[in-house]
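Visitor: Before I ask anything, here is the structure I am working with.
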Amino acid sequence: MRRDGMDSAFWNGIRTAGFGAASVAIFSIATTVVHAAANPEEGGKPEGGLPQLDVSAFPTQIFWLIISFALLYWIMSKMAVPRIAEVLEERQERITDDLETAERLKSEAEKVQADYEKALAEARSEAQGQIKAANDEAAAEQAKAEAEHAKKMARKVKTAETRIGKQRDEALESLMAVASEAAVEATGKLIGVTPGEDSVKRAVEAVSGDGRA
Amino acid sequence: MAGNASPTEGGFPSPVEQFHLLDIVKVNVGGLDLSFTTSAFYMMASAILVGTFLVQSMKGRHLVPTRLQSMAELSYEFIAGMVRDNVGSEGRPYFPFIFSLFMFILVGNLFGMLPFGHYTYTFTSQIIVTFAMASAVFIGVTVIALMKHGLHFFTFFFPAGAPLYMAPLLIPIEILSYLSRPVSLSVRLFANMMAGHTMMKVFGTFVVMLGVFGVAPMLVLVALTGFEILVAVLQAYVFTILTCIYLNDALHLH
């Protein structure tokens with residue numbers, strides 16, 4: 001219950017007027033009734049009836065009712081109600097504040113979480129990129145090394161092949177020379193004729209060509 | 001009043017003898033007897049107890065209430081809710097009055113349950129006390145209605161939308177029902193309290209009269225005591241909520 005400033009004075013007036021009017025009216029009515037009833041001196045006390053209907057007991061009760069209720073109302077409106085209202089309001093405010101703080105902290109925590117996740121994702125993608133780059137580099141290096149190696153090997157094979165080819169030619173040539181000599185000597189021994197170098201060579205070549213085939 | 005030789009029946013005091021007032025301090029102002037009686041004592045005691053309780057229990061202004069503070073806050077919120085629901089925000093200025101009324105009647109009714117024989121007095125069992133409170137509510141509410149609505153207030157006695165030819169019948173009924181409000185309000189509380197206490201006295205007499213067999217009415221008495229405590233709380237609530245309803249009528253005219 002809050003007290004609204006503007007209306008409060010107005011309503012206070014009405015309330016006081018109403019309450020005051022009521023009290024005064026009752027007290028005056030009761031007093032006149034009592035005076036009228038108390039007139040027949042001691043006859044006013046009904047001996048056998050309800051004690052509550054004993055009119056002579058009315059003024060004191062109304063009097064003390066007004067005194068005690070006015071006291072209670074005064075304590076209530078001046079001290080108790082404002083104090084309780086204040087405490088309740090304070091508590092409500094505190095609860096609202098706490099809820100707001102909690103809300104703020106929650107959103108902050110969510111933001112931090114989102115940032116963290118984003119950073120994590122970035123780091124992961126970066127790491128992946130680095131891994132990929134390293135892999136690529138390694139693959140390229142390997143390919144290059146392989147190519148170089150292959151080239152070197154090819155060169156070696158080639159030199160070896162040419163050397164082998166030369167040696168074979170040389171061997172063949174020397175073989176032919178030996179064969180020609182042998183043929184010349186064999187011909188000389190067999191028929192005593194020393195054939196011309198050219199014809200021997202041709203014959204050896206023809207034979208070696210056949211022999212090779 | 002006080003000190004009357006009460007009529008007795010067969011050696012036992014009449015069950016209504018308990019409603020006699022005892023003078024504590026005799027006061028006489030210009031021939032008017034304003035003695036401080038047992039009734040007056042319990043009225044003052046109620047006012048002082050309620051006031052002290054509400055002020056003292058809130059002294060700490062704890063954010064987390066202590067037990068007493070919690071009780072004070074609960075009673076405050078109970079009546080605040082009642083006023084809010086039945087009267088609305090316009091009822092705020094009257095809240096201290098309604099809260100006082102409820103606490104005063106509640107504590108007065110419960111004081112009546114104290115087992116102190118003649119020294120216990122239920123001031124709400126006095127028709128003049130309940131009638132004075134009901135009249136204060138009635139007159140106060142009527143004054144509020146007249147000040148707020150002026151002559152428009154008298155439309156209250158003719159329900160809107162009723163056919164005009166019903167007026168001769170409806171208006172007297174409405175006026176009668178309006179005027180009977182303080183009577184019904186006061187008699188309800190008074191009769192409940194008086195009947196309950198008379199019943200308890202009657203059964204109490206039975207217990208003494210029947211000797212050993214008094215166990216049976218004794219059990220009834222135990223149940224009645226519990227029931228009376230319920231009635232004490234309930235009637236305080238009824239008085240207060242009817243006050244709220246009357247106040248709502250005064251502020252909003254139906």
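The values are calculated or read from the model by the stated rules, or taken from the named source; none is laboratory data. Keep in mind that what you see is a predicted model, and the values were worked out from it rather than measured. Quick reminder, even Gly has a Cβ in these numbers, built from the backbone with ideal geometry, and neighbours come from all protein chains shown. Accessible surface is based on the protein model in full, side chains and every heavy atom, while ligands, DNA and RNA are left aside. Shrake-Rupley method; radii C 1.70, N 1.55, O 1.52, S 1.80 Å.
Visitor: Determine, yes or no, whether B:F99 is without any contact (Cβ under 8 Å) to a residue 60 or more places away in the chain, assigned to a helix (DSSP H, G or I), at the interface with chain A (Cβ under 8 Å from one of its Cβ atoms) and among the aromatic types (F, W, Y).
Guide: For B:F99, the condition - without any contact (Cβ under 8 Å) to a residue 60 or more places away in the chain, assigned to a helix (DSSP H, G or I), at the interface with chain A (Cβ under 8 Å from one of its Cβ atoms) and among the aromatic types (F, W, Y) - is met.
Visitor: So, one more: Of (1) among the β-branched types (V, I, T); (2) within 9 Å of the chain's Cα centre (by Cα); (3) closer than 17 Å to B:E228 by Cα, B:T122 satisfies all except one. Which?
Guide: Evaluating B:T122 over (1) among the β-branched types (V, I, T); (2) within 9 Å of the chain's Cα centre (by Cα); (3) closer than 17 Å to B:E228 by Cα leaves (2) as the failure.
Visitor: Same structure again: Show the residue pairs meeting these rules: Cβ distance below 6 Å; 6+ apart or different chains; first residue within segment A:176-190 and open to solvent by less than 90 Å² (accessible area, probe 1.4 Å); second residue not aliphatic (A, V, I, L, M).
Guide: A:S180/A:K201; A:T187/A:P195; A:G188/A:T194
Visitor: Working only within segment B:58-74, note down all residues that are part of a helix (DSSP H, G or I) and facing chain A (nearest Cβ under 9 Å).
Guide: Result: B:Q69, B:A72, B:E73.
Visitor: Output the qualifying pairs, or none if there are none: Cβ atoms under 8 angstrom, residues six or more apart or on different chains, first residue in segment B:232-250 and closer than 16 Å to B:F104 by Cβ, second residue outside any helix (DSSP H, G or I).
Guide: Within 8 Å, the pairs are B:A232/B:G112; B:A232/B:M113; B:C244/B:V87.
Visitor: Quick one: B:M133 ticks every box in (1) closer than 30 Å to B:F227 by Cβ; (2) exposed (fewer than 13 other Cβ atoms within 10 Å of the Cβ) except a single one, so which number is it?
Guide: Single failed check for B:M133: (2).
Visitor: If you don't mind, there's one more thing I want to ask. Hey, can you tell me all the residues within segment B:149-196 that are open to solvent by less than 50 Å² (accessible area, probe 1.4 Å), in a helix (DSSP H, G or I) and farther than 27 Å from B:E17 by Cα?
Guide: The answer is B:H149, B:G150, B:F153, B:F156, B:F157, B:A167, B:L170, B:E174, B:Y178, B:R181.
Visitor: Continuing with the same structure: Which of the residues spanning segment B:16-38 are among the hydroxyl-bearing types (S, T, Y) and more than 8 Å from chain A (Cβ to nearest Cβ)?
Guide: Matches in segment B:16-38: B:T38 only.
Visitor: Please state which of the following conditions A:A121 fails to meet, knowing it meets all the rest: (1) open to solvent by less than 100 Å² (accessible area, probe 1.4 Å); (2) modelled with pLDDT of 95 or more; (3) more than 20 Å from the chain's Cα centre (by Cα).
Guide: Going through the list (1) open to solvent by less than 100 Å² (accessible area, probe 1.4 Å); (2) modelled with pLDDT of 95 or more; (3) more than 20 Å from the chain's Cα centre (by Cα), A:A121 breaks only (3).
Visitor: With respect to B:F78, determine if the residue is within 19 Å of A:R83 (Cα to Cα), more than 8 Å from every other protein chain (Cβ to nearest Cβ) and either modelled with pLDDT of 85 or more or surrounded by 14 or more Cβ atoms within 10 Å (Cβ to Cβ) (or both).
Guide: On the way: within 19 Å of A:R83 (Cα to Cα): yes; more than 8 Å from every other protein chain (Cβ to nearest Cβ): yes; either modelled with pLDDT of 85 or more or surrounded by 14 or more Cβ atoms within 10 Å (Cβ to Cβ) (or both): yes.
Spelling it out, B:F78 is indeed within 19 Å of A:R83 (Cα to Cα), more than 8 Å from every other protein chain (Cβ to nearest Cβ) and either modelled with pLDDT of 85 or more or surrounded by 14 or more Cβ atoms within 10 Å (Cβ to Cβ) (or both).
Visitor: Of the conditions (1) within 14 Å of the chain's Cα centre (by Cα); (2) more than 8 Å from chain A (Cβ to nearest Cβ), B:G117 clears all except one; give me its number.
Guide: If we test B:G117 against (1) within 14 Å of the chain's Cα centre (by Cα); (2) more than 8 Å from chain A (Cβ to nearest Cβ), just (1) comes out false.
Visitor: Separate question: Before we move on, is A:A80 open to solvent by less than 100 Å² (accessible area, probe 1.4 Å) and at pLDDT 95 or above? Give the steps one after another, and end with the answer.
Guide: Details: open to solvent by less than 100 Å² (accessible area, probe 1.4 Å): yes; at pLDDT 95 or above: no.
Criteria not met by A:A80.
Visitor: Which one of these is more than 30 Å from B:L224 (Cβ to Cβ), at the interface with another protein chain (Cβ under 8 Å from one of its Cβ atoms) and open to solvent by 10 Å² or more (accessible area, probe 1.4 Å): B:V143, B:V83?
Guide: The unique qualifying residue is B:V143.
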